[in-house]
Structure formats: C-alpha cells, structure tokens
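Everything below concerns the one structure shown next.
The values are calculated or read from the model by the stated rules, or taken from the named source; none is laboratory data. These numbers come from a predicted model, not from an experiment. Positions of Cβ are generated from backbone atoms using ideal geometry, with glycine treated the same way; all protein chains shown enter the neighbour counts.
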Amino acid sequence: MIQAAQKHLFTGRWRGVREPRRKEYEIQIAVVTECKWRLRPGVVMLSIPNEEADKARAAKKKAMGALAGAADLLFAWDDIGLHNLWLELKRDGGGLSPAQLEFRVAVHAIGGFYEIAHGADEAIATIEKYNLLKGR
C-alpha cells in the first residue's frame with residue numbers, strides 16, 4: 001500500500017513510498033492505549049505476554065505457567081453471567097499457529113469467545129462488537 005510521496009535524492013523525481021508494516025507489539029500497544037481510555041466500567045482487560053525471544057526467559061515463563069498459543073488480550077465482564085473474549089492480534093496476512101488453533105478450540109469448549117483481528121482498527125471494531133467500549 002503506497003501512502004506517501006518522497007522526492008528521490010539523486011533524480012529529483014517524486015515517487016511513492018510504502019509505509020512500513022506495523023509489528024504485532026505496536027498493534028497491541030495501540031489497542032491497549034485505546035482501551036485504557038474507552039473500556040466500559042466492569043470490564044477487565046489484561047495482556048498475556050507470551051512472545052519471548054530470549055530462550056532463558058521463555059523457559060522461565062513456561063515454568064511459571066505460560067501457555068503456548070494463548071491469545072494476546074483477554075477481556076472479562078459480567079452481563080447476567082461471566083463472559084470472556086480472547087483476542088489474537090495479527091499483522092496483515094498473519095494466520096494462526098497450530099498451538100493457537102488448539103487454544104481457540106479450548107476457549108470455545110469452555111464457552112468463551114475467541115476472535116482474530118488483523119491490525120488495530122479491526123481489533124477495536126471487534127471489541128466494540130462485544131459492546132466493551134464507551135463511545136468516542
């Protein structure tokens with residue numbers, strides 16, 4: 001997707017430039033920031049930090065109970081019964097890993113909601129679909 005124009009340093013011609021793709025953690029920060037301002041009272045949101053590049057830290061998290069494939073964000077609320085939404089954030093074109101597919105099945109088995117969102121805008125729209133955010 002070409003978003004902006006930039007003048008070429010040597011030829012002086014204008015050319016289209018691509019906006020760099022956002023990383024998943026940048027998408028998550030954008031979603032969490034929006035939710036901090038707009039989350040409905042009575043809704044609990046938490047992040048599940050599963051990604052770890054350092055093998056020692058990853059092993060420590062696993063020993064502490066980290067679950068492979070767990071979604072990035074969890075929302076819990078009580079509307080005549082406790083409900084939970086597990087939200088997996090993906091960059092454009094990203095798909096679920098086998099561990100994430102298995103986790104999705106487990107969430108559905110306990111009656112939870114599991115959604116995948118590609119980008120921050122889609123994530124906010126998904127959260128709004130469950131009526132978890134106050135108006136803008």
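So here's what we get for this one:
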| read-out | value |
| --- | --- |
| Single residue of 67, 46, 85, 89 found to be in contact with an Asp or Glu (Cβ under 7 Å, 6 or more places away or on another chain), among the aliphatic types (A, V, I, L, M) and farther than 21 Å from residue 22 by Cβ | 85 |
| Residue within the stretch 77-92 that is basic (Lys, Arg), in contact with a helix residue (DSSP H, G or I) (Cβ under 9 Å, 6 or more places away or on another chain), buried (at least 17 other Cβ atoms within 10 Å of the Cβ) and closer than 18 Å to residue 124 by Cα present | yes |
| Any chance residue 38 is under 20 Å from residue 88 (Cα atoms), over 15 Å from the mean Cα position of the chain (by Cα) and in contact (Cβ under 8 Å) with a residue 12 or more places away in the chain | yes |
| Candidates 44, 32 - the one that is surrounded by 10 or more Cβ atoms within 10 Å (Cβ to Cβ), in contact with a Ser or Thr (Cβ under 9 Å, 6 or more places away or on another chain) and closer than 24 Å to residue 78 by Cα | 32 |
| Residue 101 vs. criteria buried (at least 17 other Cβ atoms within 10 Å of the Cβ) and either in contact with a Leu (Cβ under 6 Å, 6 or more places away or on another chain) or modelled with pLDDT of 95 or more (or both) | no |
| Matching residues, the stretch 62-75, being surrounded by 15 or more Cβ atoms within 10 Å (Cβ to Cβ) and either aliphatic (A, V, I, L, M) or outside any loop (DSSP other than H, G, I, E, B) (or both) | 66, 70, 71, 73, 74, 75 |
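Conditions tested, residue by residue: (1) at pLDDT below 95; (2) surrounded by fewer than 17 Cβ atoms within 10 Å (Cβ to Cβ); (3) of a type in the set (Val, Ile, Thr).
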| position | (1), (2), (3) |
| --- | --- |
| 94 | yes, yes, no |
| 97 | yes, yes, no |
| 109 | no, yes, no |
| 115 | no, no, no |
| 119 | yes, no, no |
| 124 | no, no, yes |
| 127 | no, no, yes |
| 132 | no, no, no |
| 136 | yes, yes, no |
